[in-house]
Each structure stands twice: as C-alpha cells, then as structure tokens.
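Student: The structure's right below; bear with me while I get my questions together.
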Amino acid sequence: MEKIGFIGLGIMGKPMAKNLLKAGYSLTVYDVVPGPVAEVVEAGAQKGTSCKDVASKSDIVITMLPNSPEVKEAVLGKDGVLDGAKEGMILIDTSSIAPLASQEVSKEAAKKGVIMLDAPVSGGEPKAIDGTLAFMVGGPEDTFNKVKGILDVMGGSVTLVGEIGSGNTTKLANQIIVALNIAAMSEAMTLATKAGVDPEKVFNAIKGGLAGSTVLNAKMPLALEGNFKPGFRIVLHIKDLQNALDTAHSVGVPVPLSSVAMEIMQALKVDGHGADDHGGILQFYEKLAKVEVRRQ
Ligand code: NAD
C-alpha cells in the first residue's frame, strides 16, 4: 500500500484524512494549525513537521488548502512539498483553486519529476465525512488510474475531465451553478412569502417539478429554520466566483449572472455575513424586501 501524506486538515481535509486511515493507509499529516493535526494523529496518523517532511515520507501527497496562494506556498515555498519530494511522487491537490495556478504548480512539480493532478471536490463537509465526495480530476490518465482507488475511498464519484487545470475549471462551473441556484431560490421564495404564500408549501409544491434541484432540497429546509451555519462559507464562495470571473475573462467569456451573484455575496460580507453558509444569500433578499422566509 502506498504511503500517503496529507496537508491541510480543515473542515474538509480532516474527515478525508480520517477516511484514508480507516481504509488502512499509512498517513503522515501536516497543517499550520496544531489542533487538527493532534486529532488526526490520535486517529492513527504520523505527525509531519512541515510540508517538506510530509513529502519526504510519502509516495503520494494530498493537499486540501483554501486557495491558490496557500497551495503555492505549501508546494513551492520554503520547506514545501517539492523540497522533500522524490522523483515519481504524485501530488493530488484537492483544493478549489484557479485552473491557471494548478498549471503553474504542475509545471514546477514536473521539474522535480513530480506528477500533479488537480482534483477539487463537491459535496461539502457531510460528504467528506461519509466518503461520498464528487471528485473532478485533471491530469494524465495513467496517473489518474494509479490513484483512483485512493480517491474512491474519499469519494462517491471520481471523474477524469481532462488535462491539468480541467478539474478546477469544472469546479468553477459547479460553483457558478450552485451560486445562481441559491440566488434563484432566494429571489423566488422571498416573492412567494411577501405575496402571502407559505414558503414551505411552495417548496413542497415545486420540488418534484422542473424547478426542483439538489440545491433546493439541501438549502430550503435550512432556510425555513433560519439556519445559516456553515457548511460552505460565503467568503469561500466569493473566492471561487473571483476565480470564475478571472478565468472567464482570461478566455473571453462574459459571465453576467456570476457578476451579480458576486456583488450579492460582497454585500453580505460587508453586512457581517461572510462566515455564514452560502445558503445565507437569502438574507440579502430578506433585507431588501423586509420579509423573512421562515416556517409558519
Ligand atoms: P479550511 O479553512 O477549513 O481548511 C484549510 C486548512 O488549510 C486549514 O486547517 C489551514 O490551517 C490549512 N492551511 C492553510 N495554509 C496552509 C499551509 N501553507 N500549510 C499547511 N496547512 C495550511 O477550508 P475547507 O472548508 O476545508 O476548504 C478547503 C478547500 O476545499 C477550499 O479550496 C474550499 O473551497 C474547498 N471546498 C470546501 C467545501 C466546504 O464545504 N467546506 C466543499 C467543497 C470544496
């Protein structure tokens, strides 16, 4: 069995690492914050002292970090993954970052004989805990085939979508669709409620029809409770939409609806809701319309 390194033990990384331990993999872990490291070591992992140290003890290194700058720091920086990597090591970056950044990191990794896959996920903390995340992977097919079994431990679906960077391009598409679905739900339910119809009845009436969606089923029950605990924080979705806008503009694609979703989230951040779940987009509409969409 391959020796695995895991760097970044936040909301997502910690349960993913624990699932690899449960499946019997030997794991060396590292995070800049000591608390989660101690918890995963308690569950059976070895403690790494730096990204370099983790890489020097691993055949495969998995990273789960916030955004492009953190991935660059952890992989390319001083005492980073590439400082400790042996030729032939595989780096799987499961963070959601800019596709261009994946390509830049991969190019540097290749100089050391390290092959990289970008493999961001969808599904959030509950699916990270259950081991049923959806992985969207970019990189060479033979490398993908070598590590698919490992990704299957953490995921319910694992799909190769193209060359390096394609995983993160797919994730940007995912994040546009999710943001706009939540905004559409919020706009519609605010209208229904202020027009005098019980939003729970509206939800039950439409969820089996064409307007029904995974987003509606996941976010509407929480909205009815006024529960906007994260989940997936608005500031992280702002990060993804910024990457979507930058990528879209760099390839010549106007994204008008994503721009509106971005400004709604920026307004919520200014209003103190940046740490709320992205389902909290509803609060933007509630404030505009002076109405609350709640169970009656
Ligand atoms: P998080 O902030 O909870 O975890 C990130 C971890 O990385 C933290 O523990 C932090 O200390 C660590 N870290 C930062 N810089 C580091 C460095 N240089 N070296 C080592 N460790 C470092 O974030 P998260 O919610 O786990 O999200 C991680 C990624 O997954 C993000 O790109 C996010 O967009 C994506 N994602 C999150 C969700 C979700 O629901 N939370 C769902 C899908 C995808």
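The values are calculated or read from the model by the stated rules, or taken from the named source; none is laboratory data. The structure presented is a predicted model; accordingly, all values stated were derived computationally and were not measured. Note that each Cβ is placed from the backbone with ideal geometry, even for glycine, and that neighbours are counted across all protein chains shown.
Listed here are the residues, each with its yes/no results for (1) within 12 Å of the ligand (Cβ to nearest atom); (2) surrounded by fewer than 20 Cβ atoms within 10 Å (Cβ to Cβ); (3) in contact (Cβ under 8 Å) with a residue 24 or more places away in the chain; (4) outside the structural domain of Ala55 (by TED's automatic domain parsing).
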{"position": "Glu104", "(1), (2), (3), (4)": "no, yes, yes, no"}
{"position": "Glu108", "(1), (2), (3), (4)": "no, yes, yes, no"}
{"position": "Lys112", "(1), (2), (3), (4)": "no, yes, yes, no"}
{"position": "Ala128", "(1), (2), (3), (4)": "yes, no, yes, no"}
{"position": "Gly139", "(1), (2), (3), (4)": "no, no, yes, no"}
{"position": "Lys146", "(1), (2), (3), (4)": "no, yes, yes, no"}
{"position": "Ile150", "(1), (2), (3), (4)": "no, no, yes, no"}
{"position": "Gly155", "(1), (2), (3), (4)": "yes, no, yes, no"}
{"position": "Thr159", "(1), (2), (3), (4)": "no, yes, yes, no"}
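Student: Could you please tell me which pairs satisfy a Cβ distance under 6 Å, a separation of 6+ or placement on different chains, a first residue in region 237-264 that is within 14 Å of Asn174 (Cα to Cα), and a second residue that is not polar (S, T, N, Q) and not in a helix (DSSP H, G or I)?
Tutor: Going by the 6 Å Cβ cut-off, the qualifying pairs are Asn243/Ala98; Ala248/Val255.
Student: Might you check whether a residue that is crowded, with 19+ Cβ neighbours inside 10 Å, in the same structural domain as Leu268 (by TED's automatic domain parsing), among the small types (Gly, Ala, Ser) and in contact with a strand residue (DSSP E or B) (Cβ under 8 Å, 6 or more places away or on another chain) occurs anywhere in region 212-228?
Tutor: No: zero hits.
Student: Return the pair list, or none, for Cβ contacts closer than 7 Å from residues in region 27-54 that are farther than 16 Å from Ile4 by Cβ to residues that are within 9 Å of the ligand (Cβ to nearest atom) and hydroxyl-bearing (Ser, Thr, Tyr), at least 6 apart or on different chains.
Tutor: Ser50/Tyr30
Student: Now a separate question. Does Lys18 count as crowded, with 19+ Cβ neighbours inside 10 Å, among the charged types (D, E, K, R), under 20 Å from Asp152 (Cβ atoms) and out of contact with any Phe, Trp or Tyr (no Cβ under 7 Å at 6 or more places or on another chain)?
Tutor: yes
Student: Find the residue count for region 207-265, including only residues that are within 22 Å of Lys127 (Cα to Cα), touching an Asp or Glu at 6+ places or on another chain (Cβ under 9 Å), at pLDDT 95 or above and small (Gly, Ala, Ser).
Tutor: 0
Student: Report yes if Ile90 is out of contact with any Phe, Trp or Tyr (no Cβ under 9 Å at 6 or more places or on another chain), surrounded by fewer than 20 Cβ atoms within 10 Å (Cβ to Cβ), modelled with pLDDT of 95 or more and farther than 15 Å from Gly8 by Cα, otherwise no.
Tutor: Judged against the criteria, Ile90 is not a match.
Student: In region 188-199, what residues are crowded, with 17+ Cβ neighbours inside 10 Å and either closer than 12 Å to Ala261 by Cβ or not small (Gly, Ala, Ser) (or both)?
Tutor: Met189, Thr190, Thr193, Pro199
Student: Considering each of Leu65, Leu76 in turn, give the residue that is more than 25 Å from Gly123 (Cβ to Cβ), within 11 Å of the ligand (Cβ to nearest atom) and either among the hydrophobic types (A, V, I, L, M, F, W, C) or free of Cβ contacts under 8 Å to residues at least 40 places away in the same chain (or both).
Tutor: It is Leu76.
Each row is one residue, and each column tells you yes or no for (1) more than 18 Å from Leu65 (Cβ to Cβ); (2) among the small types (Gly, Ala, Ser); (3) modelled with pLDDT under 95.
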site: Gly131; (1), (2), (3): yes, yes, no
site: Ala134; (1), (2), (3): yes, yes, no
site: Asp152; (1), (2), (3): yes, no, no
site: Gly162; (1), (2), (3): yes, yes, no
site: Gly167; (1), (2), (3): no, yes, no
site: Ala179; (1), (2), (3): yes, yes, no
site: Ala184; (1), (2), (3): yes, yes, no
site: Glu187; (1), (2), (3): yes, no, no
site: Ala192; (1), (2), (3): yes, yes, no
